[in-house]
1. Give me the residue from segment 47-94 that is in contact (Cβ under 8 Å) with a residue 60 or more places away in the chain and more than 16 Å from the chain's Cα centre (by Cα) and, out of that set, surrounded by the fewest Cβ atoms within 10 Å (Cβ to Cβ).
2. Which of the residues spanning segment 30-51 are out of contact with any Asp or Glu (no Cβ under 7 Å at 6 or more places or on another chain) and under 20 Å from E74 (Cα atoms)?
3. Sort out which residues of segment 36-51 are assigned to a helix (DSSP H, G or I) and out of contact with any Pro (no Cβ under 7 Å at 6 or more places or on another chain), and write them in order of number.
4. Restricting attention to segment 62-121, which residues are among the polar types (S, T, N, Q) and either part of a strand (DSSP E or B) or under 28 Å from A140 (Cβ atoms) (or both)?
5. Looking at I32 and the list (1) of a type in the set (A, V, I, L, M); (2) in contact with a helix residue (DSSP H, G or I) (Cβ under 8 Å, 6 or more places away or on another chain); (3) crowded, with 18+ Cβ neighbours inside 10 Å, which single condition is not satisfied?
6. Counting only residues that are out of contact with any Lys or Arg (no Cβ under 6 Å at 6 or more places or on another chain) and among the charged types (D, E, K, R), which one in segment 1-29 is surrounded by the most Cβ atoms within 10 Å (Cβ to Cβ)?
7. Which residues, taken from segment 95-125, are in contact with a Lys or Arg (Cβ under 6 Å, 6 or more places away or on another chain) and either without any contact (Cβ under 8 Å) to a residue 40 or more places away in the chain or of a type in the set (A, V, I, L, M, F, W, C) (or both)?
8. Contact list please: Cβ distance under 6 Å, first residue in segment 1-20 and assigned to a helix (DSSP H, G or I), second residue β-branched (V, I, T) and surrounded by 17 or more Cβ atoms within 10 Å (Cβ to Cβ), pairs at least six apart or on different chains.
Amino acid sequence: MIPIQKAISSGAWLHCEYAILDELCKFQIKIISFRKLNFREVDEPERIMFLDNDATVWIITLEIINLTKKYLREDQCINKLSLVDHDGFEFDIFDDKHLRRNSEFAEKSKMSRFCWPQDFLPKLKATGSIPFILPFDDEAVYCIKVKRGSIREA
């Protein structure tokens, strides 16, 4: 696991790997920013299926390069990412259709780039954003991880 703020400040590329059947999937990410979503940015925010009052949406903007010899789908790379807080609680990507696909904000924030059905061709860099629902906690330190895989500085 890599602390998000450290990854942003260092500007380092992070090498990610996991095995799927007999194949090793590899990609690199570079985290550009991590910020709390202001719902006034989103057109028709009432359409977001945000259910919990004790939480907020945070957005990670990142670049990704597929290092596998064939294309990867977002469920084979982007959706393998999750956040872990300082207490070990894990948070997956918040997959809301309006926020990630159907709003003008999805296009403007490049969130639509990292949702289904998107392919990532080998060796080409793609830039986009992914949302997470996180609890209100100003003291929390978040790390990024690859589910059932590994992540390290490249």
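1. Among those that are in contact (Cβ under 8 Å) with a residue 60 or more places away in the chain and more than 16 Å from the chain's Cα centre (by Cα), it is D54.
2. Residues satisfying the conditions are I31, S33, F34.
3. Of segment 36-51, the ones assigned to a helix (DSSP H, G or I) are 39-41, 45-47.
Within segment 36-51, R40, E41, P45, E46, R47 meet the criteria.
4. Hits for segment 62-121 are N66, N79, S82, S103, S109, S112.
5. (3)
6. K26
7. Matches in segment 95-125: A106, M111, S112, C115.
8. Filtered contacts from segment 1-20: I4/I144; A7/I31; I8/I31.
No lab work stands behind these numbers, since they all come straight from the coordinates. Because the structure is a prediction, the values reported are computed rather than measured. Note: ideal-geometry Cβ built from the backbone for every residue, glycine included; neighbour counts use all protein chains shown.
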